[in-house]
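The values are calculated or read from the model by the stated rules, or taken from the named source; none is laboratory data. Just so we're clear, the structure is a prediction, and the values are computed from it rather than from any experiment. Here the Cβ positions follow ideal geometry from the backbone for every residue, glycine too, while neighbour counts run over all protein chains shown.
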Amino acid sequence: MGLGVAGALLYRNASPSNADHRLLTVATGDETVASVVVNLRLLKSVRSVESWKDRIDPAEKYLLKVGNLPPRHRDLLLETFSSFASGFVKTAEGPSPFRLFASHGTADQALEALKKGHLVEATTGDDYVLIDPETCGREGPLRLIKGDKLLAFVPTALAADFTARLAQEPGRKMESLLIAQGGLNLQPFLESLAPPLVQMALARDEITENARRLSLTLRADTDGGIWAELDVLGDHPEQIQKLWEKASGANSPLKTVAETSVKVTPSKDAFRLTVDVNALQKHADVLTRSFSPFQNEALKDEDLKALESAEEALLDPKDLYAYDEALTPASFFERSGEDCSPRHGVALDDAKKLRLAFTSLSSRENLPEVDFVSLTSSVCMPPHYSPVLAKRPWMEVRIQQPELDRPTCGPLADEATGMTSEEDFSREHSNDMQVATNKVGFAFKRGVDTQKLPAIEGTVTVQVPTRVKKVTLAFRPPYGRTELAFPEGKLTVEATRVSDDGLTFQLGSEGTPPSVLAVRALNAAGKYLETESRSGFSASMTLPFVGRIESNDSTVLAHGKPVQLEFVLVDATAPYVRPFKLTPPFPQAPDAQEDDTESEPTAEPLSQAVFEQTLQSPDSIARRGERYTRYTSGGLIAAPDVPGTAPSPFKVLLQTQGVFENNLEIVWTEDVRRYFGQLDTGIQLEVLEVDFVDGTRLRPENMDETRESESGEKEYVWGSRFGAPRKWNTTLSLGRPNISASDIQGVIFSDFLPNRMEDVPVARIRGQLSFSLPTTIAVSALTPLSLHTRATLGEARFHVMSIEGDEVSLLSENTDQPGFSAAFTDAKGNPIRASLKKREDFDDATFRLDFETEKPVRQWRMLQAQGPSKTYTYPFEITAHVLKPVSSRKK
């Protein structure tokens, strides 16, 4: 690792400038509550040494990320800037972000580089917003301050203060060998600044209770060494030292690491750990096991002894699948079976083994007028050919028309093709049929309306495995990490646990090794053991300067003690290419039969007058009564109508038999659903009194009674099994039924029932249903379903945010008022059944409405409740058993 004289000359060329010193001074001042400073000049210098490039790459990515600087702009950044700082500074409103950049050239040149990288955007005057390269989120506005080779983006209220500080002589000097320096005030800023996982980790290790500030400094030396200094500052550094001794004690896997790589320096008001990062690399395996969520501890001697007594199960030779050495695309698809055909999308071949489906059309708040499209290709897979592990793509979707766009931020910005791709081999329809999918995402150029395109054209390519081969690998006790190397990558196996069923090991990968169709385990006698494979997930993390940690892609259980593994690998593939042409509007109706399904009957928006003239008309009441009577059977007792008043459009019933005994059912007919579902009118249910057959009478006030549990904690006397309070009132939504019988829908309500009374039959229950209706409903004009159209109601504006197969999301642009909903139609204006799944309100006084629709939507319009509301209340009382006299009842 030593660089000697070359290292000294290298670092001399990386000497910081006066602008770097000023940046460090300001970024680490008392006013900042969190900051990170990165010496880009040093990173640029060490990249000129070939042996250092591989070491610096993983860490460099994270060092840039802390300043919201994308690695794809690395060359631009290193050529333009000598250092940068990112963090938060105190303001009257709380912590506010700031960014500082020291440049090699002028401040104007540096500003142009940031604009070219789409990292900042001018608003008005000297104000700018910072653009997050990963989410396209905007931060600001912040005031731009230009200095000598310096740029600062700071809160407007602190602009004068920053200007003065940047003009002063620097109070600190940036060292030539400084890599990065960061600090965080834990209290009271941790909750607002640190990610939740960091907060949890610090709280778990009791850091937040004993420290005020954390500071981390990374330095290099002229011999190629890298050193990290972690300072934990607080009033009780001895407590921090105890925590460290516990974490690195005799029973800790980090004990050896601490002894050889870490130096402890306690002082009066701080606790310092100095870490030799080069030495850490010698303990990469221990560190990855300690910090990775993907790894498990190595097997112990007692585990290996237990494996000796594990019951062995041999695979019947006739169950050993014999893979054909040579296949063609035709024979491959033929083996998938006659009944195999993906369920969704347009068939791309005569046998309907390959389909392509529209998945979604969506917009991004920070990228207006840009359509993001998602398509899913699906292909039939023969039994035994779905890979256990696949790092090489099986399916590829290419768009030929129209031209794709590559946004300057967001997930597509890092994709060279402008497309994301996600394969999934786990979707089995039955034991004899499996369908693999590939979901791709892309964007069109700004202003292109997907719904008005002539078509989306392209190709789907399936890499059909035409030849397989078998490769063996010795795998013996202690079953540590073993590798199988290939020119393009490697496969890894490592045991994770021993059980009565045998040995479980994980299959992982690096690079792009051949796809694995099967992993077989053989015992010492050369016989095949029964195995079970389970696909995992693909993920990874990187410990800076230490290395990349891969997730294990699948887990295999061998029923016995293996000594050898046999891998069935894809040795050659042939491309099977099919063109496609998808025509709007999207989503496409199944098999393009838009007019085959019956339309939803038209229903006027539900105002007070409409309710009283339609749902409460004598004919409607009579029809509902007949249906409710037919439904009341099998132990259900219905609440009788109250004499002299119009009956409720809903019916309340008590179940007195079976597993749902003591549960309430609130049901409604299809005509009620059609009217109430338009505005998702909420139905308020209140339970007012319950008598049980043992004489117990409960009212809402009883639900507040508490007592001390056996563990000393407070619990509710009439609560749930775990002592939580029971609900005697709730709001019901007609869009989320869990009862469906012919033209009757409804919900089951049991949250009122105390755990201690679950086995005691309800004798009588009394309560009420109520709902409120507006005077009138305002309706906007019908609008084509597109991301580029708007609907207006008065001053309120709305647009479509996303379109999926059976879901539509709408976003308000300038209002957060309640009472809005939407109605949907087909191309002819016939209503389409829809239900409001969720309303989500945002901090900028806007909201989103998520709807689920019965079939593809072509037009939409907004609805708004207006005028004074009227509340309709319907009491109910159900008697299931004759009550005891009042004087003899329990209280």
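Suppose we filter Gly712, Gly719, Gly695 for residues that are on the phi > 0 side of the Ramachandran plot, touching a residue at least 24 places away in the same chain (Cβ under 8 Å) and outside any helix (DSSP H, G or I); which single one remains? Outline the logic, then answer.
Details: Gly712 fails: touching a residue at least 24 places away in the same chain (Cβ under 8 Å); Gly719 fails: on the phi > 0 side of the Ramachandran plot.
That would be Gly695, the only listed residue that is on the phi > 0 side of the Ramachandran plot, touching a residue at least 24 places away in the same chain (Cβ under 8 Å) and outside any helix (DSSP H, G or I).
Would you please name the residue that is farthest from Ala413 (Cα to Cα), looking only at residues in segment 91-120 that are outside any helix (DSSP H, G or I), more than 30 Å from the chain's Cα centre (by Cα) and among the aliphatic types (A, V, I, L, M)?
Ala92
For Glu483, indicate whether it is under 28 Å from Lys581 (Cβ atoms) and of a type in the set (Asp, Glu). So that I can check it myself, show each step before the final result.
Numbers: under 28 Å from Lys581 (Cβ atoms): no; of a type in the set (Asp, Glu): yes.
It is false that Glu483 is under 28 Å from Lys581 (Cβ atoms) and of a type in the set (Asp, Glu).
Tell me which residues, restricted to segment 661-705, are modelled with pLDDT under 90 and of a type in the set (A, V, I, L, M, F, W, C).
Listed by number, the residues that qualify are Phe676, Leu679.
So, in segment 134-169, of the ones that are in contact with a Leu (Cβ under 7 Å, 6 or more places away or on another chain) and in a loop (DSSP other than H, G, I, E, B), which residue ends up modelled with the lowest pLDDT?
Looking at the filtered set, the residue picked out is Cys136.
With the condition kept exactly as written, say whether any residue in segment 660-681 is among the aliphatic types (A, V, I, L, M) and surrounded by fewer than 18 Cβ atoms within 10 Å (Cβ to Cβ).
Narrowing segment 660-681 to residues among the aliphatic types (A, V, I, L, M): 664, 666-667, 672, 679.
Then drop every residue that is not surrounded by fewer than 18 Cβ atoms within 10 Å (Cβ to Cβ), which leaves none.
No: segment 660-681 contains no residue that is among the aliphatic types (A, V, I, L, M) and surrounded by fewer than 18 Cβ atoms within 10 Å (Cβ to Cβ).
The rows are residues; the columns are (1) over 42 Å from the mean Cα position of the chain (by Cα); (2) closer than 20 Å to Leu753 by Cβ.
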{"site": "Ile621", "(1), (2)": "yes, no"}
{"site": "Thr632", "(1), (2)": "yes, no"}
{"site": "Pro640", "(1), (2)": "yes, no"}
{"site": "Gly644", "(1), (2)": "yes, no"}
{"site": "Pro649", "(1), (2)": "no, no"}
{"site": "Gly658", "(1), (2)": "no, yes"}
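If you take the residues in segment 63-90 that are in contact with a Pro (Cβ under 8 Å, 6 or more places away or on another chain) and assigned to a loop (DSSP other than H, G, I, E, B), which one is modelled with the lowest pLDDT?
The residue in question is Asn68.
Given the conditions (1) surrounded by fewer than 16 Cβ atoms within 10 Å (Cβ to Cβ); (2) part of a strand (DSSP E or B); (3) at pLDDT below 90, which single one is not true for Glu877?
The one condition Glu877 does not meet is (3).
So in segment 302-333, with the set limited to residues that are among the acidic types (Asp, Glu) and touching a residue at least 12 places away in the same chain (Cβ under 8 Å), which one is nearest to Gly480 (Cα to Cα)? Steps first, answer last, please.
Of segment 302-333, the ones among the acidic types (Asp, Glu) are 302-303, 308, 311-312, 316, 319, 324-325.
Still in the list and also touching a residue at least 12 places away in the same chain (Cβ under 8 Å): 303, 308, 311-312, 324-325.
Numbers: Asp303: 13, Glu308: 17, Glu311: 22, Glu312: 21, Asp324: 33, Glu325: 32 Å.
Restricting to residues being among the acidic types (Asp, Glu) and touching a residue at least 12 places away in the same chain (Cβ under 8 Å), the top hit is Asp303.
Looking only at segment 320-346, which residues are in contact with a helix residue (DSSP H, G or I) (Cβ under 9 Å, 6 or more places away or on another chain) and either surrounded by 15 or more Cβ atoms within 10 Å (Cβ to Cβ) or of a type in the set (A, V, I, L, M, F, W, C) (or both)?
Cys340, His344, Val346
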